[in-house]
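Asker: Input: one structure, supplied below.
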Amino acid sequence: MPYVTVKMLEGRSEEQKRAMVEKVTEAVSETSGAPKDKIIRI
């Protein structure tokens, strides 16, 4: 399973951060075949 680390500059809202996490999770799931519920988001 891949490990993904995302670092962002300050100034993003919580909503923007959540949206990015969802999109990254979706991309990892689609490309790796892992179910989204098995991808750990911290």
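Asker: Give me the angle, in degrees from 0 to 90, between the Cα long axis of helix 14-32 and the longest principal axis of the Cα atoms of the chain, rounded to the nearest 10.
Answerer: 20 degrees
Asker: Given (1) 1.20; (2) 0.99; (3) 1.04, which label gives Rg/Rh (Cα atoms, Kirkwood Rh) as computed from the coordinates?
Answerer: After the calculation, the listed value that fits is (2).
Each reported figure results from applying straightforward, stated rules to the coordinates on display, with no laboratory input. As the structure is a computational prediction, the values presented were derived from the model and not from experiment.
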